[in-house]
Structure formats: C-alpha cells, structure tokens
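The values are calculated or read from the model by the stated rules, or taken from the named source; none is laboratory data. Predicted model, so just to flag it, every value in this text is computed and none were measured. Cβ: placed from backbone, ideal geometry, glycine included. Neighbour counts: every protein chain shown. Remember, those area values only see protein heavy atoms, side chains included, never the ligands or the DNA or RNA. Shrake-Rupley method; radii C 1.70, N 1.55, O 1.52, S 1.80 Å.
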Amino acid sequence: MPKPIAENWFTVEHLSDGVSRIYEPHMADWLRCNIWHVRGRDRDLVIDTGMGVRPMLEEMTQLTQRPVTAIVTHSHFDHSGGLYEFKTRCCHPVEAPTMAAPTLANTVADTGYVRAEAFTALPYEGFSYKDYFVRPAPITDMLDEGDVIDLGDRVFDVMHLPGHSPGSIALYEKETGLLFSGDVVYDGELLDDLFHSNAEHLAESLNRLRELPVNTVHAGHYMSFDRQKLRTIIDEYLAGGRRPGDLDAWIRGEMEKTGE
Ligand SMILES: [Zn+2]
C-alpha cells in the first residue's frame, strides 16, 4: 500500500520553562529526534533540527519571532538534517567538518536506520528513503566545554561529552536544572558502537552527568525524565545494559512494541 503524503510534518508540544518539543510524527519513534525550542528574551535556541526532509521554518512560524541560534548536539543525520535552514549554526569543532561536507557515512545515514519502515508517511510526493541525504550546513559558531550561551534572561553552559560521537555536546541551565543531552543519554538503548563512537569516553561522560544536579533531562530521543531516572539509565548502561545489539532485530522489536 502506498504511503500517504503527510499534511503536517512537525508536531509541537509546549512544556514548562519556555521549552517546546518539536518532533516529526511520521518518523518511526525509534528514529525520531527531539527538536527543542527554548525561548529567551533576546534570542531563542533550537537544539537539534530533525531529518531535514521538509522545511521547518515555513511550518513552525513560532521559530521566526526572535533571532534563533540553532545548535546540533552532534552531526548525526537525524539531528543535523535541518540545520541548513538556520543562519546561526553551531556545533562542536570536532564535528564541524561533517556539517560543511556531510556524507551518508559521516552522518551515519548509511547504518541501516534510514529505511522504508522509518517513515509512516512521506514528506512529499516522490520521496524515497533511498534518496535521503544531509544538506551542507557550514558551522558559523563553534561551541566547546565551558562556553556560555546567553539568551538575555537565561544562560546555558556547554558541556563537551564525547563517546556517542566525538563532538557530542549537552546544554545545561543551572537556574532551572534543565539538561539538553542529545544522544549522550536518553531513555532507550544507547549507541556506543558507531564508526566514531568510543565506549570508554561515553562512560566518562555519563559519570559526569551522574553527578550533575539536574531537574529534567530533555534528551535527543524519546520522552524527558528526572534526575533519578537519569541515574538509573546511567547505572544500567555502566552495568552492561541498554545496548541495542543486532540492528534489524532491535528495529523489529521496537516496531512490535509500538504496533507499527
Ligand atoms: Zn546520534
């Protein structure tokens, strides 16, 4: 049966602390990335940008009310695909070359996650997952450990947390205890075996997060969680759990869970 063309590609959920979660409901939930919109007095933040298969700024007019700093927590396709749309584009210097010249390999779009089952509806007539690619989005501002992002009335500290990828960053707002963690930690199976992953570095990064007085983690995938859950996820990973294993079997299992 041919898949329908999606009318709206994005869905927004307004949360507390001036944070909205934008997501692509027609991406299977095992691939779907959270796009975080954080409102500030002078500027807004967009943290991660989704697949980039439909223009986000046309559909999400709330993103054009103030200047936006767009940050990718890392360069993987499901987070970086939409970065090209923004004027101010940030990531860690280690992954900036990927954003200037993305390929299927360096954005990990060649790992088997981009497949027909990943799309429950199509972004436009004639779309095929086989044609998927990430558009170049040269970085305008590098972000590294210790940098501070100031939105006028709120500030975010940049943490460099390598492991899932070498240039993974997280953003931490001390005032509210919000942590935007990207793929360093989320409530699912954590990936430490991609071509540029380093499991030892990921363990060090998670040990750092374990001691951070966070209130809420807004992660790169799945739902948000509190500090206690953060510690549980980290402890389970460090004890050898929370790894997806065989990709095809894992995707089949995830699809059975959600009845897709
Ligand atoms: Zn990733």
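Tell me, yes or no, whether the stretch 181-190 has at least one residue that is among the hydroxyl-bearing types (Ser, Thr, Tyr), over 23 Å from Ser20 (Cβ atoms) and within 16 Å of the ligand (Cβ to nearest atom). Step through it out loud before you land on a result.
Filtering the stretch 181-190 for residues among the hydroxyl-bearing types (Ser, Thr, Tyr) gives 181, 186.
Subsequent filtering for residues that are over 23 Å from Ser20 (Cβ atoms) retains none.
Within the stretch 181-190 (the criterion being among the hydroxyl-bearing types (Ser, Thr, Tyr), over 23 Å from Ser20 (Cβ atoms) and within 16 Å of the ligand (Cβ to nearest atom)), the answer is no, since none of the residues qualifies.
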Log entry, pairs with first residue in the stretch 173-199 being assigned to a loop (DSSP other than H, G, I, E, B), second being within 12 Å of the ligand (Cβ to nearest atom) and among the hydroxyl-bearing types (Ser, Thr, Tyr), beta carbons closer than 6 Å, six or more apart or on different chains, reads Val184/Ser168; His196/Ser165
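Being aliphatic (A, V, I, L, M), touching a Phe, Trp or Tyr at 6+ places or on another chain (Cβ under 7 Å) and crowded, with 17+ Cβ neighbours inside 10 Å narrows it down to one residue among Leu161, Leu171; which is it?
Numbers: Leu161 fails: touching a Phe, Trp or Tyr at 6+ places or on another chain (Cβ under 7 Å).
Sole residue among the options that is aliphatic (A, V, I, L, M), touching a Phe, Trp or Tyr at 6+ places or on another chain (Cβ under 7 Å) and crowded, with 17+ Cβ neighbours inside 10 Å: Leu171.
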Of (1) surrounded by 14 or more Cβ atoms within 10 Å (Cβ to Cβ); (2) within 22 Å of Trp9 (Cα to Cα), Asp141 satisfies every one except (2)
The number of residues in the stretch 90-126 that are away from the ligand (no atom under 16 Å from the Cβ), over 22 Å from Ala249 (Cα atoms), in a loop (DSSP other than H, G, I, E, B) and open to solvent by 20 Å² or more (accessible area, probe 1.4 Å) is 4
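Residue check: is Asn207 open to solvent by 30 Å² or more (accessible area, probe 1.4 Å) and assigned to a helix (DSSP H, G or I)?
Numbers: open to solvent by 30 Å² or more (accessible area, probe 1.4 Å): yes; assigned to a helix (DSSP H, G or I): yes.
Criteria met by Asn207.
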Filter the stretch 225-236 for residues that are crowded, with 17+ Cβ neighbours inside 10 Å and out of contact with any Lys or Arg (no Cβ under 8 Å at 6 or more places or on another chain); the one that is nearest to Met159 (Cα to Cα) is Arg227
